[in-house]
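Colleague: Pasting a structure below so you can have a look.
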Amino acid sequence: MHAWLHFVCDGPDLARSHTNQRRKRFVEKNRCLIVSVRRVGKESLAMPFVELNQSEPREIFPGFKAHVVHSANMTFAHWTIKAGATLPEHAHVHEQVVNMLEGVFELTINGETRKLGQGSVAIIPSHALHSGKAITDCRIIDAFYPVREDYR
């Protein structure tokens, strides 16, 4: 079994081997998290631990800040959303599962609107039109399949 390092960050993926000096400069410049990766058979798997508090969240949309984590096939967005922030109507190829941790979020999926609170889960099918508005400050975890390349 071989082991190497994988970098979780806002910049380009640096999973390929590079000199230690170049890797260190890249990590410091891009504020990356370093995740150990092991090769198992033909697939590489990231170790199952990521410390979100070691990086700053990114503002993806106005009022929507997220720590984004990618696995081999999925993307997870850990959102902090300000009350009143709106998510314009859109659709994407990704399946999306919305997991409400805190707050109240009004979500519309294919014309059906619901207010989601702590413990609510919404499943957004691939290509479904959806939009939303944070009624209060919210914390949400979204899971996307396949990987959201636009969130890398």
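The values are calculated or read from the model by the stated rules, or taken from the named source; none is laboratory data. Note that the structure is a prediction, hence the values are computed from the model and not measured. Methodologically, a virtual Cβ is constructed for each residue, glycine included, from the backbone with ideal geometry; neighbour enumeration extends over all protein chains shown.
Colleague: Starting from segment 67-83, keep only residues that are closer than 13 Å to Asp142 by Cβ and free of Cβ contacts under 8 Å to residues at least 60 places away in the same chain, then list their pairs with residues that are basic (Lys, Arg) and assigned to a strand (DSSP E or B) whose Cβ atoms are within a distance under 7 Å, requiring at least 6 positions of separation or different chains.
Modeller: Final answer for the pair search is Thr80/Lys65; Thr80/Arg139.
Colleague: Oh, and also: Is segment 89-100 home to any residue that is touching a Gly at 6+ places or on another chain (Cβ under 8 Å), touching a residue at least 24 places away in the same chain (Cβ under 8 Å) and either among the hydroxyl-bearing types (Ser, Thr, Tyr) or in the same structural domain as His127 (by TED's automatic domain parsing) (or both)?
Modeller: Kept after step one, since they are touching a Gly at 6+ places or on another chain (Cβ under 8 Å), are these residues of segment 89-100: 100.
So of that shortlist, the ones also touching a residue at least 24 places away in the same chain (Cβ under 8 Å) come out as 100.
Next, only the ones that are either among the hydroxyl-bearing types (Ser, Thr, Tyr) or in the same structural domain as His127 (by TED's automatic domain parsing) (or both) stay: 100.
Looking through segment 89-100, at least one residue is touching a Gly at 6+ places or on another chain (Cβ under 8 Å), touching a residue at least 24 places away in the same chain (Cβ under 8 Å) and either among the hydroxyl-bearing types (Ser, Thr, Tyr) or in the same structural domain as His127 (by TED's automatic domain parsing) (or both).
Colleague: Does segment 52-60 contain at least one residue that is assigned to a strand (DSSP E or B), among the hydrophobic types (A, V, I, L, M, F, W, C), under 16 Å from the mean Cα position of the chain (by Cα) and surrounded by 19 or more Cβ atoms within 10 Å (Cβ to Cβ)?
Modeller: No, there is no match, as no residue in segment 52-60 is assigned to a strand (DSSP E or B), among the hydrophobic types (A, V, I, L, M, F, W, C), under 16 Å from the mean Cα position of the chain (by Cα) and surrounded by 19 or more Cβ atoms within 10 Å (Cβ to Cβ).
Colleague: Of these, Val93, Val68, which one is of a type in the set (A, V, I, L, M), in a strand (DSSP E or B) and under 20 Å from Tyr151 (Cα atoms)?
Modeller: Working: Val93 fails: in a strand (DSSP E or B).
The conditions single out Val68.
Colleague: Could you list, in sequence order, the residues of segment 111-152 that are in a helix (DSSP H, G or I), within 19 Å of Glu89 (Cα to Cα) and free of Cβ contacts under 8 Å to residues at least 24 places away in the same chain? Don't jump to the end; show me each part of the working.
Modeller: Initial filter on segment 111-152 (in a helix (DSSP H, G or I)): 149-151.
Adding the requirement that they be within 19 Å of Glu89 (Cα to Cα) leaves 150-151.
Within segment 111-152, just Asp150 meets the criteria.
Colleague: Say whether the condition of being at pLDDT below 95, under 14 Å from the mean Cα position of the chain (by Cα) and among the polar types (S, T, N, Q) is met by at least one residue in segment 94-101.
Modeller: Within segment 94-101, none of the residues are at pLDDT below 95, under 14 Å from the mean Cα position of the chain (by Cα) and among the polar types (S, T, N, Q).
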